[in-house]
Amino acid sequence: MEGQFHMNKRGFTLIELLVVIGIIAVLVAFAATNYVGVRSRAKDVKKKSEIMSMKNALRLFYNDFANYPGPTSTSTNTFDGCGTAVPPAGNCLTTCSGQFAAGATGCDTVYMKQLPLSTEYVWSYRQINSGDDFCLWAALENVSDGDIANSQAKCATGCSSLVSSSDFVACAD
């Protein structure tokens, strides 16, 4: 038995370690890109939900005043709705502490407790057709979202000239 070496294999070879590290790197790359996509889709779902909530609040306002609130030119992150005029005028963000409200003393009837904050995303609003319709829109991060085309098709009559190809739109229908 002279000249024979007995090696006890302890640990992994360099090649084995490199293969495992490579596999882990590929898995992390797939997970990271998927995570970013999930986050942007979640933000878009929140935007669409808030736009639809504002649409419902605007329809309640219309039921009370037979007119959608101003402004008649495009505004960002606000619409009129506070004050004593019929329909009420004034900026809700200042008069009613961010609420969409109306009433004799300013904020008696609350249609929406809190408008979406401008720090999260930008949404735009415009009254059209002499107060019989409105356009409400926000850009989505996922421009291939099918809801964009559907919403723009529903609101094509008065909103098509106001929105871009990545905007989710709500109108009076």
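Bear in mind that the values in this text are calculations on the coordinates, not laboratory data. Everything numeric in this text was worked out from a predicted model, so none of it was measured. Positions of Cβ are generated from backbone atoms using ideal geometry, with glycine treated the same way; all protein chains shown enter the neighbour counts.
Worth pointing out:
- Theoretical ellipticity at 222 nm over the chain - DSSP helices of four or more residues, -39500 (n - 2.57) apiece, nearest 500: -13500 deg cm²/dmol
- Protection proxy ranking for 15-23, 164-172, using the average of other Cβ atoms within 10 Å per residue and placing the highest first: 164-172, 15-23.
- Annotation: extensible slack from Ser160 through Ala32 equals 42.5 nm (criterion: 0.36 nm per residue apart, minus Cα-Cα distance).
- Averaging the Cα positions of each part gives two centres, and for region 96-125 and region 19-60 these lie 27 Å apart.
- Partner aspartates and glutamates for Lys46 [C-alpha distance under 18 Å; skip if fewer than 8 residues away on the same chain]: Glu120, Glu141, Asp145, Asp147, Asp167
- Förster radius 35 Å - calculated FRET efficiency between Ser97 and Ser130, Cβ distance, rounded to 0.05: 0.75
- When all alpha carbon pairs of the chain are counted in 10 Å bins from zero, the resulting P(r) reads 9, 30, 23, 11, 7, 6, 5, 4, 3, 2, 0 %.
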